[in-house]
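Asker: Below you'll find the structure I mean.
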Amino acid sequence: MTTLYGIPNCDTIKRCKKWLDDHHIEYEFHDYKKQQCPEELIITFLTHFDYKDLINTRGTTWRKLPDAVKNSVTEKIAISLMQEQPSMIKRPIIETSKTWLLGYNEQKMTEVFLK
């Protein structure tokens, strides 16, 4: 089973859902707003991605943080920030039985799902 992690009002998540639907890929959607993002899930993400890659530094949640916080982020602080504000996590994260994908990339999604 494929799981798509994100927030429903995100344009990138909407594009990803459309791509998956258009290619008849079944998936479950883990909505951070409804289901939260517990520490255990973040730690699972960290087994596949570096914490620096998981943080969406282009998003408003990150940009609103004080510079002192942004400049002192460690993995432990990143876990706490992502748990408190899951909209800070880069989207989408896609979990398949074969691999994990971070970010919307049609070429990688084609390689994983259609080949």
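The values are calculated or read from the model by the stated rules, or taken from the named source; none is laboratory data. The structure presented is a predicted model; accordingly, all values stated were derived computationally and were not measured. Positions of Cβ are generated from backbone atoms using ideal geometry, with glycine treated the same way; all protein chains shown enter the neighbour counts.
Asker: What are the residues in the stretch 34-48 that are outside any helix (DSSP H, G or I) and buried (at least 18 other Cβ atoms within 10 Å of the Cβ), if any?
Answerer: Selection gives 37 alone.
Asker: Here's something else I'd like to know. Of (1) within 12 Å of the chain's Cα centre (by Cα); (2) at positive phi, residue 91 satisfies all except one. Which?
Answerer: It fails just one condition, (2).
Asker: Considering only the stretch 14-37, I want to know if a residue exists there that is within 12 Å of the chain's Cα centre (by Cα), of a type in the set (S, T, N, Q) and at pLDDT 95 or above.
Answerer: Within the stretch 14-37 (the criterion being within 12 Å of the chain's Cα centre (by Cα), of a type in the set (S, T, N, Q) and at pLDDT 95 or above), the answer is no, since none of the residues qualifies.
Asker: In the stretch 88-115, what residues are touching a strand residue (DSSP E or B) at 6+ places or on another chain (Cβ under 9 Å) and not in a loop (DSSP other than H, G, I, E, B)?
Answerer: Passing the criteria: 88, 89, 93, 94, 95, 100, 101, 102, 108, 109, 112, 113.
Asker: While we're on this one: Being basic (Lys, Arg), surrounded by 11 or more Cβ atoms within 10 Å (Cβ to Cβ) and not in a helix (DSSP H, G or I) is the requirement here; does residue 58 meet it?
Answerer: no
Asker: Can you report the number of residues in the stretch 14-27 which are within 18 Å of residue 111 (Cβ to Cβ) and surrounded by 15 or more Cβ atoms within 10 Å (Cβ to Cβ)?
Answerer: So the count comes out to 5.
Asker: OK, next. Any residue at all in the stretch 85-100 that is modelled with pLDDT of 95 or more, within 24 Å of residue 19 (Cα to Cα), surrounded by 12 or more Cβ atoms within 10 Å (Cβ to Cβ) and in contact with a His (Cβ under 8 Å, 6 or more places away or on another chain)?
Answerer: Scanning the stretch 85-100, I find at least one residue that is modelled with pLDDT of 95 or more, within 24 Å of residue 19 (Cα to Cα), surrounded by 12 or more Cβ atoms within 10 Å (Cβ to Cβ) and in contact with a His (Cβ under 8 Å, 6 or more places away or on another chain), so the answer is yes.
Asker: Can you tell me which of 31, 11 is surrounded by 10 or more Cβ atoms within 10 Å (Cβ to Cβ) and among the acidic types (Asp, Glu)?
Answerer: One residue alone meets the criteria, 31.
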